[in-house]
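The values are calculated or read from the model by the stated rules, or taken from the named source; none is laboratory data. Quantities reported herein were computed from a predicted structural model and do not represent experimental measurements. As a convention, Cβ positions derive from the backbone with ideal geometry for all residues, glycine included, and neighbour counts pool all protein chains shown. The accessibility values were calculated without ligands, DNA or RNA, using every heavy atom of the protein model including side chains. Shrake-Rupley method; radii C 1.70, N 1.55, O 1.52, S 1.80 Å.
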Amino acid sequence: WTLTESNTIYNKDLKPEITTEAEIGLDLRMFSDRLGLDVAAYNRNTQNQIIIAGASPESGYTGKVRNVGLINNKGIEVRLYGSPIKSRDFDWEMGVTFAKNWSLIKKLWDDVENYLWTSAYDVTYMMIKDQPLGVFQVPKIRTDTDDKSPYYGKTVVNSSGLPVILSNEFTTIGSSNPDFTMGLTSTWRYKAVSMNVVFDYRQGGYFYSNTARMLDWNGNGTNTMF
């Protein structure tokens, strides 16, 4: 039998995560509720998130549970809806929604400016002060910096044709947060029977695809043909 001490330093002084929010809204209804508009704007602050922050392995531990952060979210939500047909036995209601959120990390902890949330191969998912919550970073690719060269700005590749990576420099690709989201709903009701159809749309926002990575690694991706 053996006993092993945990690699994580636990914290008996943890504080609960707290969210405070201010919101203002407008609800307009016209033509006997045949046409309506809901608008809401909010300003939300969340602090004391609980994470396992990295610790120096020389200490005998690899992580420490602690409170971190002050994250601000501002956003707007809009819903426009109406009933083109409304009778005793049959109703048809349509609605359009729009939502946009701006997130900003105002503080992590102590003097920390960035925190590696998670990673996969060369892709890191970061929390960086003064940037949106959750941004992707990748190593920079070496380019020709000779402004007199005909290949100025072009990617430098090795003998295998793969881009030369600068392992100690990183480029921020973008945030996982969408630019905005939209939705379309349509509801038909005939007496006691109803049917509802919903369409969702998301614009912007990055995500990591392991499928794309495997296709490239196997040489099956279209961008590996050259």
Could you tell me whether any residue of the range 58-68 is touching a Pro at 6+ places or on another chain (Cβ under 6 Å) and buried (at least 16 other Cβ atoms within 10 Å of the Cβ)?
no
Residue count, the range 79-98, condition open to solvent by 50 Å² or more (accessible area, probe 1.4 Å) and closer than 21 Å to D179 by Cα, comes to 5
Could you grab the pairs with beta carbons closer than 6 Å, sequence gap of 6+ or different chains, first residue in the range 203-226 and among the hydrophobic types (A, V, I, L, M, F, W, C), second one open to solvent by less than 90 Å² (accessible area, probe 1.4 Å)?
L215/G221
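Working only within the range 7-53, note down all residues that are part of a strand (DSSP E or B) and closer than 18 Å to E93 by Cα.
Once the filter is applied, which keeps residues that are part of a strand (DSSP E or B) and closer than 18 Å to E93 by Cα, the range 7-53 yields D27, L28, R29, M30, L35, G36, L37, D38.
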Only one of (1) open to solvent by 50 Å² or more (accessible area, probe 1.4 Å); (2) touching a strand residue (DSSP E or B) at 6+ places or on another chain (Cβ under 6 Å) fails for W1. Which number is that?
(2)
For V39, the lone unmet condition from (1) under 30 Å from I128 (Cα atoms); (2) aliphatic (A, V, I, L, M); (3) surrounded by 15 or more Cβ atoms within 10 Å (Cβ to Cβ) is (1)
Looking only at the range 44-55, and only at residues there that are open to solvent by 60 Å² or more (accessible area, probe 1.4 Å) and farther than 14 Å from Y115 by Cα, the one that is modelled with the highest pLDDT:
R44
Of the conditions (1) of a type outside the set (V, I, T); (2) buried (at least 18 other Cβ atoms within 10 Å of the Cβ); (3) at pLDDT below 95; (4) under 30 Å from A40 (Cα atoms), N101 clears all except one; give me its number.
(3)
Looking only at the range 111-167, and only at residues there that are closer than 27 Å to T46 by Cα and among the acidic types (D, E), the one that is surrounded by the fewest Cβ atoms within 10 Å (Cβ to Cβ)
D111
